[in-house]
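A.B. asks: Provided herewith is a single structure, encoded as structure tokens, for subsequent inquiry.
The values are calculated or read from the model by the stated rules, or taken from the named source; none is laboratory data. Predicted, not measured: the structure shown is a model, and the values here were computed from it. Don't worry about glycine lacking a Cβ; one is built from the backbone with ideal geometry, like all the others, and counts go over all protein chains shown.
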Amino acid sequence: MKPNNIFRSSLVLVLLLMIFNPALSQRKTQTEDDLHDQSFSFGINFNTNGGLIGGATLRYSKRFKDRLYHSLNVEAVSVKHPKEQRLFDTSTGNISVYNKKNSLFTIRSMYGMEYVLFKKARERGIQVNALASTGPAFGIITPYSAGLESFSESISNAEVQVGLSGKISMIFELGVMKNSMSGFEAGYTFDLYPKEIVILEGAENKKTYSSVFLTFFFGGKK
């Protein structure tokens, strides 16, 4: 089984186990006042388009009605072509990607709505939120460089494409401290650009990039 398929299958299994865990439904005696009013978190992102670590995220949420929150998300992730092959050059000691023309780094700025599906107990448990958001995507395209010596030259020749990004996800908030939070977010995201972005020569390139992701986060709330 391909790594991406394993990632997707594992993610679906985790979501099903968390959603249908009977312990999540044992919160009916609580009032909406048990929910926090604001939260801010930082996360490390793993996705099917990235490498070992896909990128980093920032999320701010503010409650405005019962279980509903405004949500602001900023994400910075690297995007790789699924057919990239890493090669080791014995003469230079560098690792390069065969036929790679450009590197793509995406910054997403998204606004959305976050809804609390299941609340956690005051001192323990898991809170589950559903999130949908969208906003502009800034695709930073730089000529591919296998060595550090030409990195500055690649940055100086960077191009930017402005597109549209979107995300749907489930947020699982853990932790027992009143003013702190930790957990993970899992879901699907996409970036749509006005024209094709060439990452790998001799392969099918596209203008829409989608991925399944998992983000581990920590932060504070009040």
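A.B. asks: For segment 24-51: of the residues being outside any helix (DSSP H, G or I) and among the hydroxyl-bearing types (S, T, Y), which is modelled with the highest pLDDT?
C.D. replies: Step by step, filter segment 24-51, then rank; the result is S41.
A.B. asks: Now, a different point. Can you find a residue in segment 180-199 that is of a type in the set (A, V, I, L, M), under 30 Å from K101 (Cβ atoms) and surrounded by 18 or more Cβ atoms within 10 Å (Cβ to Cβ)?
C.D. replies: Yes, some residue in segment 180-199 is of a type in the set (A, V, I, L, M), under 30 Å from K101 (Cβ atoms) and surrounded by 18 or more Cβ atoms within 10 Å (Cβ to Cβ).
Residue-by-condition table, conditions (1) in contact with a His (Cβ under 6 Å, 6 or more places away or on another chain); (2) touching a residue at least 24 places away in the same chain (Cβ under 8 Å); (3) closer than 24 Å to I155 by Cβ:
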{"position": "K80", "(1), (2), (3)": "no, yes, yes"}
{"position": "K83", "(1), (2), (3)": "no, yes, no"}
{"position": "S91", "(1), (2), (3)": "no, no, no"}
{"position": "S96", "(1), (2), (3)": "no, yes, yes"}
{"position": "L104", "(1), (2), (3)": "no, yes, yes"}
{"position": "K119", "(1), (2), (3)": "no, yes, no"}
{"position": "G125", "(1), (2), (3)": "no, yes, no"}
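A.B. asks: Give the number of residues within segment 75-89 that are within 26 Å of S109 (Cβ to Cβ), in a strand (DSSP E or B) and not small (G, A, S).
C.D. replies: Residues in segment 75-89 being within 26 Å of S109 (Cβ to Cβ), in a strand (DSSP E or B) and not small (G, A, S): 3 in total.
A.B. asks: Specify which of the listed residues (P82, P136) is surrounded by fewer than 18 Cβ atoms within 10 Å (Cβ to Cβ), under 15 Å from I197 (Cβ atoms) and at pLDDT 85 or above.
C.D. replies: Answer to the selection: P82.
A.B. asks: Further, regarding this structure: Please go through (1) farther than 30 Å from R67 by Cα; (2) part of a strand (DSSP E or B); (3) free of Cβ contacts under 8 Å to residues at least 60 places away in the same chain for A137 and return the number of the only condition it doesn't satisfy.
C.D. replies: That leaves (1) as the condition not met.
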